Every structure is written in C-alpha cells, then in structure tokens.
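Visitor: Here it is, the structure, as structure tokens.
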C-alpha cells in the first residue's frame with residue numbers, strides 16, 4: 001500500500017515531538033488520545049528514519065544529528081520495524097474506535113488498515129523487508145545504490161559548513177547502507193528468493209556504471225563540491241568526498257556486485273513471484289497492498305481486459321478522424337511514436353527546451369485550477385531531468401514532495417534517456433499526472449492540511465496514483481486538449497497503458513506469463529516503444545501489485561464522483577467534492593468511500 005521508503009517505523013514508546021503535536025485540548029478525550037498516539041508514532045518515525053526527517057525538512061533542533069545519518073537497512077533493523085508494527089497495532093487497539101468523531105475516525109481507520117495488513121504480511125513472509133510488494137532487497141529499482149546518490153543531491157541541504165560535513169558523513173554511511181542491503185540480499189538468497197536473471201543483469205549493469213565512474217565524475221562528489229562553492233564554504237570538499245568514494249563506497253559496491261554476480265548461475269528466467277515459496281499468497285498480499293482492495297488477481301485481470309477494449313475503441317475513433325485508419329490501434333500508436341514531427345532531438349539542448357515547454361504547460365494549467373478546486377496548494381513545483389546515472393532503470397516520470405517547511409519545492413522528474421520515448425503528444429498528460437492537478441497538487445494539499453504528521457507523510461498508491469490518473473482525465477474535462485487531437489490520444493493512451501498494466505501484472509505473477517510474453521502483449525496493445533515497455537515489465541517483476549493500483553484507484557475516484565453526483569443532483573459541487581477527497585489526506589480506498597459517503601450526507605443536510 002506504500003513503499004517502505006515512504007513509511008519507516010521505529011520501536012518503543014516515544015514521547016511526542018512538541019513542535020509537531022497538535023492535540024486540541026477541547027477535543028473529545030478519545031480523539032485527543034488518538035492524536036497524541038499518532039504524534040508519538042510520527043516522532044518515532046523521524047528518529048528511525050534520518051532520510052525521512054531530511055526529506056520533510058524536520059532534521060533540525062534535537063533532530064539535527066539525523067542530518068549526518070542514513071536509515072538502517074540491516075536484518076536487525078527490519079526485525080525491529082516488524083516488531084514496531086505489531087506493537088503499534090496493539091497500542092492502537094487501546095483507543096475506543098466507536099467513540100471517535102470526524103477526522104479522528106478517518107485517521108484511526110487509515111492507520112489501523114496499514115498496521116493490520118503489514119502485520120499480517122510480516123507474520124507470513126520472511127523476505128523482502130517489511131510487508132509485501134517488494135520481494136528483492138537489491139534490483140534495478142530497489143537498494144541504497146539506486147536512491148541514495150539522488151537523495152544526497154536533491155534532498156540533503158548544503159547551506160553551511162556543518163551541512164557539508166554532514167553530507168560527507170552520509171557518504172560514509174552510504175557504504176554501510178550498501179553492505180546492509182548486501183546482508184539482506186544474502187539472507188533472502190538463502191531462502192531461495194533470487195531475482196530473475198534479467199533483473200540481476202539490469203541491476204549489475206547499473207552497479208557497474210557506478211563502479212566505473214571515477215570520483216571526479218561522480219554525481220555524489222560533484223554535488224557537495226558545487227554546492228559548497230556556490231555557498232562560499234571554503235574547504236577541500238572534492239578531495240574529502242573523493243577519498244570517501246574511493247576507499248568506502250566503491251569497495252562496498254564491489255562487494256554487492258560480487259554477491260549478485262554469484263547468483264547469476266542460479267537465477268531462472270521465470271518472471272513472476274509465483275515461483276517463490278508461498279508465491280501465490282505473496283502476490284495476493286502484494287496486490288492487496290497495491291490496490292487496498294480485496295479484488296482477486298483474476299478479477300483485476302478481467303477489469304484490465306475490458307478497459308483495454310473500451311479505451312482502444314475511443315482511440316480508434318480519434319485516429320480515424322485524423323486519417324490514420326490502417327492497422328491495429330497499437331500499431332497506429334507505435335507509428336505516432338516514430339513520427340518525426342512529434343520528436344525532440346536526442347540532445348541535451350533539445351532536452352532543456354523540452355523542460356522549458358513543460359513549464360509553460362504547467363503555468364497554463366495553473367490558471368485553470370481555481371474553477372475546479374476550492375483549495376490550492378501553497379507549495380510550488382519544479383521540473384527536472386532524472387539524473388543520467390539512474391535513468392536507464394528509472395520510470396518515465398515521478399514526483400518528490402516538497403518539504404513541510406516550504407524550503408524545498410516539489411520536484412517532477414522526467415526521464416529523458418531517449419527522447420523517442422517521450423514524443424510531444426505524450427508530454428501534457430505525463431506533466432498533469434506528475435505535477436498539477438496530479439501528484440503535486442494532491443500531496444501538497446495533504447501536507448498543508450490539518451492532519452497529524454503521521455498522515456501528512458503517508459502515501460497509498462491506489463489513492464495517490466488513482467488521483468493522478470483522475471487528474472489526467474480532469475485535464476481533458478477542463479479543455480486542455482481542445483483543438484489538440486493528438487494530445488487527447490496521449491491522454492487516452494496513458495489510460496490504456498494503465499489498463500494494460502492490470503493485465504500484464506496479473507499475467508506475470510498469477511498466470512505465469514514470461515517476461516517476453518508480457519512485453520509482446522503490452523507493446524501490441526499499448527503501442528509504446530519496446531525499450532520503454534521492457535523497462536515497465538521489468539518494473540512489475542520487482543514491484544508486484546503496485547502497477548495495478550493506478551487503474552483500480554482512478555476507477556474508484558470516478559465511481560465515487562458519479563455516486564455523489566447522482567445523490568446530490570443540482571447540489572453537487574465538484575470543487576467541494578475535490579476538497580472532501582483531498583483534504584482528508586491519503587487513505588485506503590475503502591476509507592475514501594466512507595469519507596465521501598459522510599460528505600454526501602452532510603451536503604444533503
């Protein structure tokens with residue numbers, strides 16, 4: 001339901017962090033008790049996760065030492081996280097749910113769902129960390145090697161000498177994190193949890209690129225050197241960072257590379273988690289974690305097939321109006337990808353212009369928002385290119401939330417490894433998804449809402465990715481594609497892409513499809529470039545169930561909007577509907593349904 005990186009836990013009974021506590025003395029006693037408990041949990045998370053403290057801009061005051069550390073990833077850390085979840089579930093049961101009112105009830109139901117589902121998965125499965133949905137400690141998308149260099153560059157602040165020193169301390173801690181990942185991978189290999197051969201090959205390729213980068217060219221060394229210079233902080237930062245890189249980080253990368261390479265002869269080509277011990281149960285738990293529903297793999301597969309057919313028919317109609325009548329819908333979309341008039345040159349200059357154009361699109365969308373939203377975020381959003389060092393295995397686009405203190409804006413990252421993968425007709429929809437009215441709007445409103453910190457920082461893929469797909473649809477309803485038929489095809493192809501995911505994810509993990517079968521089916525129906533489809537399919541192999549969250553989520557948002565419109569008739573206000581669903585923060589889809597039902601009753605008077 002959320003990534004362990006988004007929601008790390010710590011054990012023990014901890015005092016609430018005073019600046020974060022907000023229990024209202026006038027609130028009913030059960031509500032106040034719950035708020036106090038959740039604030040204590042949030043404080044615990046910040047003490048357990050230095051990276052989260054930095055990302056939220058809360059590594060100050062008595063948490064300032066966290067700025068010198070990274071999260072613990074060892075087997076002992078994982079065991080402690082699991083024990084904490086069980087302990088928190090028990091403590092939460094000490095609150096009388098029946099006596100809670102309003103948002104307190106929503107807070108309880110959301111947190112209880114999280115701990116209950118993760119606790120159940122932790123008791124059943126003993127690999128892949130906490131909960132379900134991430135079976136492999138190290139892959140092309142998981143592991144410290146994949147995210148810490150970017151974290152250091154984009155999340156760790158450097159404004160003072162102490163900050164630069166803390167950066168170096170974290171470079172040293174990065175080597176430890178790599179070894180901890182290696183330890184967990186070795187443990188899981190002993191249980192037979194070995195990634196498919198093609199996943200090992202992809203991860204080893206990325207590790208090799210890191211290992212083959214000399215210190216002087218390393219983004220980690222360059223980042224501290226450049227930013228210290230920009231702030232006028234004297235010192236041999238390049239020399240110190242280079243020494244850490246050569247003496248600590250590269251040897252740790254070498255050790256991790258060796259253990260992965262040793263598994264290559266043992267790895268099979270089977271793509272799905274069905275091949276693991278209790279693999280079918282693991283996938284069912286992963287699917288539930290991703291969608292926050294009880295839909296079976298077979299049901300999700302059929303929803304995907306049905307919606308692929310519906311969306312293909314809509315795209316077919318538009319393409320025929322543009323004179324594109326020959327071949328399947330997928331073949332015609334593939335032709336659009338190759339049409340030179342929609343392609344940016346694959347150069348750094350053209351890629352910079354692409355980002356400039358995206359900023360123009362965001363500004364135009366910003367002007368439309370007040371007609372559709374009663375509450376708008378204060379945080380701004382920046383658009384940046386995915387770092388070259390990780391772009392080979394990274395998704396096409398993703399979003400990092402702004403810091404809570406407003407010091408760092410939200411960032412929409414776009415992958416520009418090959419501009420042939422992002423023709424101009426696809427870019428508006430991707431931008432609306434990642435920025436506004438998609439992830440940036442939803443997550444910023446959540447952070448700025450009157451919610452306990454624990455809820456402000458939570459992310460449920462079905463809710464959040466479902467919202468981002470709904471935002472793509474909303475852009476179309478706003479008129480963003482008026483006079484732009486190919487832009488509208490981009491919107492519908494994005495929805496088709498997510499419908500295909502339902503089929504392919506369940507195909508891989510429940511129906512035992514091969515990697516090649518999944519790539520072929522998706523490329524045929526979605527029309528995307530085979531290189532991009534391959535990256536996507538390999539993503540589903542290491543994040544089982546997560547790819548299904550998008551379409552199941554948007555289906556729920558649309559169903560609830562239709563439900564509210566039917567119940568309220570002329571009294572239905574779209575702006576108020578959006579407030580009701582967004583200002584309550586991210587939650588499981590079943591809780592969202594209760595929130596909208598309660599809102600409908602209030603609107604009915």
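The values are calculated or read from the model by the stated rules, or taken from the named source; none is laboratory data. All values reported here derive from a predicted model rather than from experimental measurement. Don't worry about glycine lacking a Cβ; one is built from the backbone with ideal geometry, like all the others, and counts go over all protein chains shown.
Visitor: Report, by residue number, each residue of the range 205-218 that is surrounded by 18 or more Cβ atoms within 10 Å (Cβ to Cβ) and closer than 21 Å to residue 515 by Cβ.
Guide: Listed by number, the residues that qualify are 206, 207.
Visitor: Here are some conditions: (1) at pLDDT 95 or above; (2) within 23 Å of residue 465 (Cα to Cα). Residue 353 meets all but one. Which one does it not meet?
Guide: Unmet condition: (2).
Visitor: What are the residues in the range 428-457 that are touching a strand residue (DSSP E or B) at 6+ places or on another chain (Cβ under 8 Å) and not in a loop (DSSP other than H, G, I, E, B), if any?
Guide: Matches in the range 428-457: 430, 431, 433, 434, 439, 440, 443, 444.
Visitor: For the range 64-94, name all the residues that are buried (at least 21 other Cβ atoms within 10 Å of the Cβ) and more than 16 Å from residue 129 (Cβ to Cβ).
Guide: Across the range 64-94, the qualifying residues are 66, 88.
Visitor: Examine the range 329-351 for a residue that is outside any loop (DSSP other than H, G, I, E, B) and within 30 Å of residue 460 (Cβ to Cβ), and state whether such a residue exists.
Guide: No; the residues of the range 329-351 include none that is outside any loop (DSSP other than H, G, I, E, B) and within 30 Å of residue 460 (Cβ to Cβ).
Visitor: If you go through the range 381-407 one residue at a time, how many are out of contact with any strand residue (DSSP E or B) (no Cβ under 7 Å at 6 or more places or on another chain) and within 27 Å of residue 580 (Cα to Cα)? Lay out the reasoning, then the answer.
Guide: Initial filter on the range 381-407 (out of contact with any strand residue (DSSP E or B) (no Cβ under 7 Å at 6 or more places or on another chain)): 387-396, 403-407.
Now restrict to residues that are within 27 Å of residue 580 (Cα to Cα): 403-406.
Number of matching residues: 4.
Visitor: Moving to a separate point now. Just to check your reading of the model, which residue among 49, 139 is within 20 Å of residue 185 (Cα to Cα) and modelled with pLDDT of 95 or more? Give the derivation first.
Guide: Details: 49 fails: within 20 Å of residue 185 (Cα to Cα).
Of the residues listed, the single one that is within 20 Å of residue 185 (Cα to Cα) and modelled with pLDDT of 95 or more is 139.
Visitor: Quick one: what pairs do we get from the range 456-485, first residue assigned by TED's automatic domain parsing to the domain that holds residue 114 and closer than 21 Å to residue 577 by Cβ, second surrounded by 21 or more Cβ atoms within 10 Å (Cβ to Cβ) and at pLDDT below 95, C-beta under 9 Å, 6+ apart or different chains?
Guide: none
Visitor: Tell me yes or no: at least one residue of the range 401-415 is assigned to a helix (DSSP H, G or I) and either more than 19 Å from the chain's Cα centre (by Cα) or modelled with pLDDT of 95 or more (or both). Before you say what the answer is, go through the steps one by one.
Guide: Filtering the range 401-415 for residues assigned to a helix (DSSP H, G or I) gives none.
No, the range 401-415 has no match at all.
Visitor: Something else about it: Is there a residue being in contact with a helix residue (DSSP H, G or I) (Cβ under 6 Å, 6 or more places away or on another chain), under 30 Å from residue 221 (Cβ atoms), in the same structural domain as residue 350 (by TED's automatic domain parsing) and touching a residue at least 12 places away in the same chain (Cβ under 8 Å) anywhere in the range 378-386?
Guide: Yes, the range 378-386 has at least one match.
Visitor: So residue 112 ticks every box in (1) at pLDDT 95 or above; (2) within 19 Å of the chain's Cα centre (by Cα) but one. Which box is left unticked?
Guide: Tallying (1) at pLDDT 95 or above; (2) within 19 Å of the chain's Cα centre (by Cα), residue 112 fails exactly one: (2).
Visitor: Touching a helix residue (DSSP H, G or I) at 6+ places or on another chain (Cβ under 9 Å), over 30 Å from residue 387 (Cβ atoms) and crowded, with 17+ Cβ neighbours inside 10 Å, is that true of residue 136? Break it down stepwise before answering.
Guide: Working: touching a helix residue (DSSP H, G or I) at 6+ places or on another chain (Cβ under 9 Å): yes; over 30 Å from residue 387 (Cβ atoms): no; crowded, with 17+ Cβ neighbours inside 10 Å: yes.
Spelling it out, it is not the case that residue 136 is touching a helix residue (DSSP H, G or I) at 6+ places or on another chain (Cβ under 9 Å), over 30 Å from residue 387 (Cβ atoms) and crowded, with 17+ Cβ neighbours inside 10 Å.
Listed here are the residues, each with its yes/no results for (1) touching a strand residue (DSSP E or B) at 6+ places or on another chain (Cβ under 6 Å); (2) modelled with pLDDT of 95 or more; (3) loosely packed, with under 12 Cβ neighbours inside 10 Å; (4) not assigned by TED's automatic domain parsing to the domain that holds residue 513.
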residue	(1), (2), (3), (4)
288	no, yes, no, no
292	no, yes, no, no
296	no, yes, no, no
303	no, yes, no, no
314	no, yes, no, no
319	no, yes, no, no
349	no, yes, yes, no
358	yes, yes, no, no
370	no, yes, yes, no
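Visitor: When the range 372-388 is examined, which residues are found to be under 18 Å from residue 147 (Cα atoms) and surrounded by 15 or more Cβ atoms within 10 Å (Cβ to Cβ)?
Guide: Of all residues in the range 372-388, those under 18 Å from residue 147 (Cα atoms) come to 384-388.
If the condition is that a residue be under 18 Å from residue 147 (Cα atoms) and surrounded by 15 or more Cβ atoms within 10 Å (Cβ to Cβ), then 385, 386, 387 are the ones that fit.
Visitor: Do we find that residue 263 is closer than 23 Å to residue 422 by Cα and either loosely packed, with under 13 Cβ neighbours inside 10 Å or not assigned by TED's automatic domain parsing to the domain that holds residue 514 (or both) in this structure?
Guide: no
Visitor: Hey, among the residues in the range 318-330 that are touching a residue at least 24 places away in the same chain (Cβ under 8 Å) and more than 30 Å from the chain's Cα centre (by Cα), which one's farthest from residue 483 (Cα to Cα)?
Guide: Ranking the candidates gives 328 first.
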